[in-house]
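The values are calculated or read from the model by the stated rules, or taken from the named source; none is laboratory data. A quick note: this is a predicted structure, and the numbers were derived from the prediction, not measured. Methodologically, a virtual Cβ is constructed for each residue, glycine included, from the backbone with ideal geometry; neighbour enumeration extends over all protein chains shown.
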Amino acid sequence: MEHTPPNETLVRLEGAAKSYTMGKIVVPALKPTTFSVLQGDLLVVLGPSGSGKTTLLNLIGGIDTPTDGHIFFKEKDLACMNDAELTQYRRYSVGFVFQFFNLVPTLTALENVQLVAELVPNPLNAQDMLDSVGLGDKLNRFPSELSGGEQQRVAIARALVKRPELILADEPTGNLDFETGIRVLKILHDQAVTSGIAVLMVTHNTPIASIAHRIIHMRSGEIVSLAANPNPLDPEEVQW
Amino acid sequence: MVTSKLNLKLIRDLRFSPLMFGGIVLLVAVGVMLFVAAYSLYLNLQSSYATSYSRLNLADFSVQVQSAPQEVLSTLRQIPGVGEVEGRTIEEVEMEQPEMISRKVEGRIISLPDIGEPKLNQLKLLSGAYPRQDSARELLLESSFAGYYGYRPGDSLNIVILDDKVKFRIAGIVQSPEYIYVVRGRGYPLPNPRTFGVMWMRKGMVDEMFGTSGSVNDVEVGMAPGGNRRTAMRLASKILSPYGADEPVASENQASVELLRLDLAGHRRLAIFFPILFFTISSLSIYNLLGRMVYSQRSQIGFMRAVGFSRLAIGVHYLEFSILVGVAGGVIGGVAGYYIGIWVTKLGTTLVQIPYYNITPRWGVIAVGIISALLVIVVSGAFPALSAARLVPAQAIRAEAPIVGRVPIIERYLPFLDKFTLLSRLPLRNFLRNIRRTVSMIAGVVSAVTLMLVSYGLLDSMKASIDFYLTYSIHYDILAAYLHPQDQVAMERIERWKGVIRAEPVLVLPAKLVHAGRSQNILVYGLRPGDRLMLLVEPDGRKVDIAKVGLMVPELTAKKLKLRSGGRVRITLPKQTIPETPDAGATQTLNPLLRAAGIHGPSPRQSILGSSRALLETKMDRPVQVSAVTYQPVGSTAYASIEQVRLWYGRPLDLPPKAINAVAIKVEPKYLQTVERKLYGLDGVASAEVVRYIREEIQRLLSQSSVFFNAMLAFSIVLAAVIMFNSTLMNVIERTREIATLRTMGVSVRSASLLITAESIMAYVVGIMAGVPFGSWLAGRFVGLYESESFNMQAVIFPGTYWIAILGVLATILIAQLPGILYIRKIELTKATKDIG
């Protein structure tokens, strides 16, 4: 995996837009958007439902393609990639964390992480990853035997094990109680701060934005503000 | 209002999965169609036979005698319960056909009353007229023989009587209730119009030719309404005993009647077995499909229950899916079965000509087919419907219950599986994840393979038995049969003919074997030890030579008489000249498929019988040793050295010292027709059966039966395709989010597709492992049902058939993956990864 120098631009959006055609009506999900994600960035996207934040995340993650504009990952345009190239991009560069965890129910916690580790040539140790998220004693539990917070931590370990350069988390705490949510936030925060992985987190939970380096506010499919957070809080200080 | 909205939901749900529901409708339809078509054929044939027997007044029983005065018929009429008694003279003759190369065939003459028509065993006149009542040389000819040679009223036919050729005019073409299936007697499983024909003449003409005036050798008896047939048969036997009477034969044991009855039983078995396979798979499919639907609609069900829908309304709503599938499949299958039933009945009636057809729409069968399908499908759908009705709203309205994972036992006991990547082990986990679906997929494979092996197994067994008979057992090209015993010099003359490679003497005579209180009439072939044109094997396949001493008994006879090699058996002359078994309970079966295909008798050996008839006038009774038990697929004949047979029969029958009555001949291929023609030119030769013609005839008729087997192959493929298509698509749809997540993490479409295909392949492998032995076993059982005294078919499935089944189902399964793979390609990752239900 290519090493990215500190603070170098990892993802760059240039007028990236997404619209859906429903019959004769064209519905803009994301209006032309321009901004960058830097290496080690912890970026939180805030906005109400339907504001376009998940669309933005999907476009950056390469599971959706823009109808207009460009999205560059390390200067390679995702809009020009075919399905196989996008698959490679997701495999080697991006880690996803979903609101509903999306673990494979027939695999244990360890196996879920190993499954992804097998996809890349030089992964981290799956067991170490689960240890690092506090699940070293539940390696052989199946998802149905884990709580929601534990499942989400497995999902984070799964995202991290392949050494991604970018983590995309869609409402990672949306399905968790407060204390578990804080624990998950801390893991993501530490990845950005200590490992230099860029983390782009989508949430509608405003207090979470206080841990971000930069905060994007979205409404009606467009970015209404993008501001740096001069005093990011430690996740354990966050209250909601 | 509530119901109408649920109905709207029903229709929309059906439209959401049209292919999956359509697939099950197709399975149900094929099952009903097979049942309706096959069972209608069975009933139409049964009813046509019964109508023919009734309208043509088939005798209730018959007794064959050596010779009885006609006056005895009046005594028989006095038996209480007897309605009608008729005496006939039946004689076996040789017929000549000047225009054809095989111009000698065996014929049976049956006498008609001098005036009018018979009252029993009446004839249906298809064309022409009855013979005149004067001494005109006219006869009636049985229709299948006439049809085979193209005879029409007005044509001539030469009959050889005591070496004189007598020309007869064919007055009419007829059908007889005794010869719907034209076989010589109960010892013969296969009709052969090429070599055997039946004709009827006025009694006066028969008497003039054979000197039988004032006597009969066959007595036919019809019972009065309410008469006790068993008592009448006993008394008739007693009255006719002084005249060399054989055991009375009840109408149901008459050769043609019995063979047709056994044929019908075979039709009935097939008509029930194959639809059961389809109904089983249909029920599994609907159970799975509705189960999945209820599972995926849990929140909807919870909502409906929460807003006031009753349990009953919910249950009925989901049950309606089954009802619709059952009704649609049933009606489509019923209509298709109706038309196909008519078609196959017509096809069947071209192969067996029945005097009176009774082909009617079998509404009852259609109704039973539809109702059975509906019941099976509704019962299968009732379980998911019940589980929907029982869902607790508060639980159902929540997100789906988590799937409980567990390490499969197989992984625990096969630690080397750890060496494989998780991605490659994932299919194994998923294979064991939904046991219901997995079992259904395996059952689909097992059923498809079984269907192929059973239907093709019957064909293979037929081919193998006939091939064994014609290739391994028989090495001669022509078997020439003499009307009277000859000296072996006759054979030596033939051996010197140009083109004859080898000629071997044969002496064939009928015998009755008695052991352990049981008896069986059989033919004894006398062959020279060391001769090579007729080879024998033991049941285990080992070659066995003709022993100088003792009798070699066929396996089925050995079973029946409880004989074994080294034991002793009594050999006597049968009362009858035509070897018919006196055991009324003995079965005489014939593969209905073989006969549905119209396969006519391949046994050249049978033609010899006519020649032995005149010989049997004295008695013989001696114990002989059983030197071996032999396997014979067709026919039931014992073997001994020709010297032994001459020794046993020589004195009682006054045979010449070196007697033969047949010659097995090996001929250079280019001289085959020349030798055949020369044989027919020889005086005393009754027939010359050419093996090549028999083989060609069998090939032609086997190819006709390919319609049935190809249809079964197509149905097997439909079965496998539908079950695999539904299972794969259900599997993919159920796991949309999981697959989408894998794809989001970087698993390619190809890898994801391989995961799903690997699961189907696992079901396939398990299904093949179970289906091949099960199908082979069942095929063996089916083949075994057709075992009879004269047909000992061994269950054989050719390697090619296994490969067709194994590769055919594999190809079907791989093709059935395509919709699932297309679905994987089209999964919207953005939506599917967030979808929780």
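Odds and ends about this structure:
Residues are listed down the side, and each one gets a yes or a no for (1) away from chain A (no Cβ under 14 Å); (2) closer than 30 Å to B:TYR338 by Cα; (3) surrounded by 14 or more Cβ atoms within 10 Å (Cβ to Cβ); (4) among the polar types (S, T, N, Q):
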position: B:VAL376; (1), (2), (3), (4): yes, yes, yes, no
position: B:LEU391; (1), (2), (3), (4): yes, no, yes, no
position: B:ALA396; (1), (2), (3), (4): yes, no, yes, no
position: B:ARG412; (1), (2), (3), (4): no, no, no, no
position: B:ARG429; (1), (2), (3), (4): no, no, yes, no
position: B:ARG433; (1), (2), (3), (4): no, no, yes, no
position: B:THR438; (1), (2), (3), (4): no, no, yes, yes
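- Long-range neighbours under 6 Å by Cβ, at least six apart or interchain, first residue over 13 Å from B:VAL407 (Cα atoms) and more than 7 Å from chain B (Cβ to nearest Cβ) within region A:107-124, second basic (Lys, Arg) and assigned to a loop (DSSP other than H, G, I, E, B): A:VAL120/A:LYS162; A:PRO123/A:LYS162
- Selection within region B:562-597 - under 31 Å from the mean Cα position of the chain (by Cα), modelled with pLDDT of 90 or more and buried (at least 21 other Cβ atoms within 10 Å of the Cβ): B:LEU563
- Residue within region B:331-338 that is over 28 Å from the mean Cα position of the chain (by Cα), without any contact (Cβ under 8 Å) to a residue 40 or more places away in the chain and more than 30 Å from B:SER144 (Cα to Cα) present: yes
- Residue ranges of strands (runs of 3 or more DSSP E) in region A:158-240 with at least 3 members surrounded by fewer than 16 Cβ atoms within 10 Å (Cβ to Cβ): A:222-228
- Enumeration of residues in region A:5-47 that are crowded, with 18+ Cβ neighbours inside 10 Å and on the phi > 0 side of the Ramachandran plot: A:GLY40, A:GLY47
- Among residues of region B:800-814 that are surrounded by fewer than 16 Cβ atoms within 10 Å (Cβ to Cβ), none has a beta-carbon under 9 Å from a residue that is outside any helix (DSSP H, G or I) at least six positions away or on a different chain.
- B:GLN122 meets each of the listed conditions (1) outside any strand (DSSP E or B); (2) of a type outside the set (A, V, I, L, M, F, W, C); (3) at pLDDT below 95; (4) under 36 Å from the mean Cα position of the chain (by Cα) apart from (3).
- Taken together, B:GLN673, B:GLN699, B:GLN644 contain a single residue that is crowded, with 22+ Cβ neighbours inside 10 Å, in a helix (DSSP H, G or I), of a type outside the set (Phe, Trp, Tyr) and not assigned by TED's automatic domain parsing to the domain that holds B:PRO191, which is B:GLN644.
- Some residue of region A:74-82 being within 14 Å of chain B (Cβ to nearest Cβ), surrounded by fewer than 19 Cβ atoms within 10 Å (Cβ to Cβ) and either part of a strand (DSSP E or B) or not small (Gly, Ala, Ser) (or both): yes
- Of all residues in region B:69-85, at least one satisfies being among the basic types (Lys, Arg) and exposed (fewer than 15 other Cβ atoms within 10 Å of the Cβ).
- Subset of region A:85-104 that is out of contact with any Ser or Thr (no Cβ under 7 Å at 6 or more places or on another chain) and in a helix (DSSP H, G or I) - its residue that is nearest to the other protein chains (Cβ to nearest Cβ): A:ARG91
- The residues on offer are A:SER51, A:SER93, and the sole one that is farther than 30 Å from A:LEU135 by Cα and surrounded by 22 or more Cβ atoms within 10 Å (Cβ to Cβ) is A:SER51.
- For region A:157-175, taking the residues that are within 11 Å of A:ASN112 (Cα to Cα) and among the aliphatic types (A, V, I, L, M), the one that is nearest to the other protein chains (Cβ to nearest Cβ) is identified as A:ALA159.
- Filter pass, B:VAL624 being at pLDDT 90 or above and closer than 14 Å to B:VAL569 by Cβ: yes
- Annotation: B:PRO529 fulfils all but one of (1) modelled with pLDDT of 90 or more; (2) farther than 30 Å from B:LEU563 by Cα; the unmet one is (2).
- Selection count where residues are within 14 Å of chain B (Cβ to nearest Cβ), touching a Pro at 6+ places or on another chain (Cβ under 9 Å) and either over 19 Å from A:ARG214 (Cβ atoms) or not small (Gly, Ala, Ser) (or both), scope region A:41-66: 1
- Among the residues here, B:LYS619 qualifies as modelled with pLDDT under 85, surrounded by fewer than 24 Cβ atoms within 10 Å (Cβ to Cβ) and outside any helix (DSSP H, G or I).
- Residues of region B:242-270 classified as more than 31 Å from the chain's Cα centre (by Cα) and part of a helix (DSSP H, G or I), total: 2
- Qualifying positions in region B:330-359 - surrounded by fewer than 19 Cβ atoms within 10 Å (Cβ to Cβ), among the hydroxyl-bearing types (Ser, Thr, Tyr) and at pLDDT 85 or above: B:TYR339, B:TYR356, B:TYR357
- In region B:497-511, the residues that are touching a strand residue (DSSP E or B) at 6+ places or on another chain (Cβ under 9 Å) and charged (D, E, K, R): B:ARG502, B:GLU504
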